[in-house]
Amino acid sequence: TDPQRIRNFCIIAHIDHGKSTLADRMLQLTGVVEERQMRAQYLDRMDIERERGITIKSQAVRLPWTVREGDLAGESYVLNMIDTPGHVDFSYEVSRSLAACEGAILLVDAAQGIEAQTLANLYLALENDLHIIPVLNKIDLPAAQPDKYAEELAHLIGGKPEECLRVSGKTGSGVAELLDEIVRQFQPPSGDPAAPPRALIFDSVYDIYRGVVTYVRMMDGRIEARDRLTMMSTGATHELLELGVISPEPTKSPALGVGEVGYLITGVKDVRQSKVGDTVTALHRPADEPLGGYSDPKPMVYSGLYPIDGSDYPDLRDALDKLKLNDAALVYEPETSAALGFGFRCGFLGLLHLEIIRERLEREFNLDLISTAPNVVYRVELEDNTEHVVTNPSEYPTGKVASVYEPVVRATVLTPNDFVGAVMEICQSRRGKLLGMDYLSADRVELRYTLPLAEIIFDFFDQLKSRTRGYASLDYEPSGEQAADLVKVDILLHGEPVDAFSAIVHKDKAYAYGVQLTTKLRKLIPRQQFEVPIQAAIGTKIIARENIRAMRKDVLAKCYGGDITRKRKLLEKQKEGKKRMKMVGRVEVPQEAFIAALSTS
Ligand code: GDP
Ligand code: MG
């Protein structure tokens, strides 16, 4: 295709503002998907995506479009629509998808207005020099206020309110006009057709039948069906088995030229060999320089995953191996816990990523799992000048600590004016530092904070939502690390540390954590033959203590020697319970107690 006839674009929006629905209408209107094949959110292929209504992996689809109105009426174009994941955990993938486009549709729900992810995605799009078309969606809703929000949008991106298009992804109204505008306003791709090929990988997915399918945008040159390919970050070469475009199912084609968007299949079995952000070139005519912006995915949040039934451990390992094929960001290594047995320490991009993996393990692989409280990655410098990266609080280095560093994020909170006080209070109590505050309109405020990531991963979002009656929205991006007054709190049962409950917390919050955990465990752990102290400690210093009193009577005592069947039942019950007991030192703890203590924290 002549690059002049190509337009590459993406849709960016806050979650639920209607991106997938609008994409569906575009598929229909361009005739790519026939009416009878249409199902809601056609491009959200994973089950979890469709159920949760979120887009996890981006996808690209080629839409033929003949302009309907105006001076270009009757002219035919190829529009490549690149769907981007909307959630902060996946912002690196979003930024790579944006780098594959010349333009972005900034979609805003006309009943909601601008939200935090609208802003975060807009900033990413501007960083990538994309042209923006502001679009108000859901104008069919009675509660829509397009005039009000057109003002807000124009104020934000510096245009006129009339320049905002108005559409309904639900009814299809305005969508043909939008497709015309895409042709008119977005630049055709530039790039040197004669140069050695450079293709940007913006997505990479594992398919059980075909291996890894790599989605690329050609920036320069041309890749042909017979080429051998080189991945520029590693120098690895691969044979090209198939190349094509998505419309909306994969369709082979002989070559991909400048500006085109398509897929490559090389027979590799692991997405790590074909990483998002990497540059693909041809072995016989390699490019000198890779495209900019590549970085390795870096886990931000760690958690231990354990099978509830210890005999499921090999299955858990197999399941993780399978998921890894499709997820370059997932890392894990075996770990043993005195409390929970054999499991894995897993690294994730963020909490949503963790939840998705957990849910897939339980659902697709039929595993019952218990996960330890998530923690961030700490860097500890000791006075002997050694440095330790801590991904598991129970492996905190012993020895004299010089300083501890924790990851921080730059958070953007958008809130109606009335809740500014509440938002500030929450951020303050979480050790936030205010960076700035702007009025986007008379009643909508943008607050920017630096916050420790560790403070955000525990119910920050829930609190924010409940304290602002659901009106505030949040987005954040990693922003380096800071030194902080952090300590490791251990929970001891009869003098033995219970690894699963060790936590790294701020000094001011250590006492509260200790009290909370010891109280909780006292209620959950049954009495033993002897008295069992439950203590919280920082090093050798005890900061909280509870006691489980010794058991006075045996389990049959309350039967008064009477009902024999009842007696037997009790004995059996006790036997069954014993099987699931974990020994911590001399103390027997039912596994349920650990599960309950972990799941309600
Ligand atoms: P996404 O998270 O941005 O992909 O949003 P979805 O496309 O999944 O839409 C979120 C919700 O808004 C769904 O319940 C849609 O049915 C609904 N929705 C999307 N577009 C429209 C629209 O134009 N009008 C109305 N009334 N509802 C819409
Ligand atoms: Mg969606």
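The values are calculated or read from the model by the stated rules, or taken from the named source; none is laboratory data. Remember, it's a predicted structure, so these values are computed and weren't measured experimentally. For neighbour counting, all protein chains shown are included, and Cβ atoms are generated from backbone atoms with ideal geometry for every residue, glycine included. Side chains included, ligands, DNA and RNA excluded: accessible areas come from the protein's heavy atoms. Shrake-Rupley method; radii C 1.70, N 1.55, O 1.52, S 1.80 Å.
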What distance in nm separates the two pseudo spin-label positions at GLU355 and ARG68, each 7 Å out from Cα along the beta-carbon direction?
3.8 nm
Looking at segment 70-207, send over the antiparallel percent of its DSSP beta bridges, to the nearest 5.
0 percent
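So which of LYS138/LYS298; LYS324/LYS507; LYS138/LYS465; LYS298/LYS488 end up more than 28 Å apart by C-alpha?
Numbers: LYS138/LYS298 37 Å; LYS324/LYS507 36 Å; LYS138/LYS465 23 Å; LYS298/LYS488 24 Å.
Violating the 28 Å limit, Cα to Cα: LYS138/LYS298; LYS324/LYS507.
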With DNA, RNA and ligands ignored, accessible area of ARG272 (1.4 Å probe; Å², nearest 10):
70 Å²
What are the ³J(HN,Hα) values, in whole Hz, obtained from phi via the Karplus relation 6.51 cos²θ - 1.76 cosθ + 1.60 with θ = phi - 60°, for each residue of segment 468-475 in sequence order, with x given for Gly and Pro?
10, 6, x, 7, 7, 10, 10, 9
With R₀ set to 56 angstrom, the calculated FRET efficiency between the beta-carbons of ALA154 and ASP459, to the nearest 0.05, is 0.95
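Summing Lys, Arg as +1 and Asp, Glu as -1, what charge do residues with Cβ under 15 Å from the Cβ of ARG226 carry, ARG226 excluded?
Values: positive: ARG222, ARG228, LYS252, ARG285; negative: GLU224, ASP227, GLU239, GLU242.
My count for the surroundings of ARG226 gives 0.
Between LEU434 and SER233, 0.36 nm times their residue separation minus their Cα-Cα distance comes to what?
Working: separation 201, 0.36 × 201 = 72.36 nm, distance 3.80 nm.
That works out to 68.6 nm of additional length.
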Helix axis angle, 507-524 relative to the chain longest principal axis, alpha carbon, degrees:
60 degrees
Under 5 Å between amide hydrogens, which residues at least 5 positions from LEU440 or on another chain qualify, with H placed 1.01 Å from N in the peptide plane?
VAL445, GLU446
Report, to the nearest 10°, how far helix 351-364 tilts away from the longest principal axis of the Cα atoms in the chain, using its own Cα long axis and a range of 0 to 90°.
80 degrees
Amide proton proximity set for VAL409, modelled H, under 5 Å, gap of 5+:
LEU451, LEU453, SER479
Relative contact order %, the chain, counting alpha carbon pairs below 8 Å whose residues are six or more apart:
10 percent
Taking the Cα centre of the chain as origin, work out the dipole magnitude from +1 charges on Lys and Arg Cβ and -1 charges on Asp and Glu Cβ, in debye rounded to 20.
2960 debye
Pull up all non-local amide H partners of MET219: gap of 5 or more, or a different chain, and H-to-H distance under 5 Å with H placed in the peptide plane.
ARG198, ALA199, LEU200, GLY259
In degrees, nearest ten, helix 116-127 long axis to first principal axis of the chain (Cα)
50 degrees
With a 1.4 Å probe and all protein chains kept in place, how much accessible area does VAL33 have, in Å² rounded to the nearest 10?
0 Å²
Under the Karplus curve 6.51 cos²θ - 1.76 cosθ + 1.60, θ = phi - 60°, whole-Hz ³J(HN,Hα) for segment 372-379, x wherever Gly or Pro sits:
6, 4, x, 9, 8, 9, 10, 10
Heads up, I need the accessible area for LYS275: 1.4 angstrom probe, whole protein in place, Å², nearest 10.
40 Å²
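To the nearest 0.05, how large is the calculated FRET efficiency for THR251 and ARG363 if R₀ is 30 Å and r is the Cβ-Cβ distance? All intermediate terms of the calculation are to be shown ahead of the outcome.
Values: r = 31 Å, r/R0 = 1.04.
Computed FRET efficiency for THR251 and ARG363 comes out at 0.45.
Rounded to the nearest 0.05, what FRET efficiency do ALA195 and ASP270 have when you use their Cβ-Cβ distance and R0 = 22 Å? Before the final figure, lay out the partial values.
Numbers: r = 30 Å, r/R0 = 1.35.
For R0 = 22 Å, the calculated efficiency reads 0.15.
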With the contact rule set at Cα under 8 Å and sequence spacing of 6 or more, what percent relative contact order holds for segment 136-284?
23 percent
Quick one: 3J(HN,Hα) in Hz for segment 384-391, Karplus 6.51/-1.76/1.60 with θ = phi - 60°, rounded, Gly and Pro as x.
7, 6, 8, 10, 10, 9, 10, 10
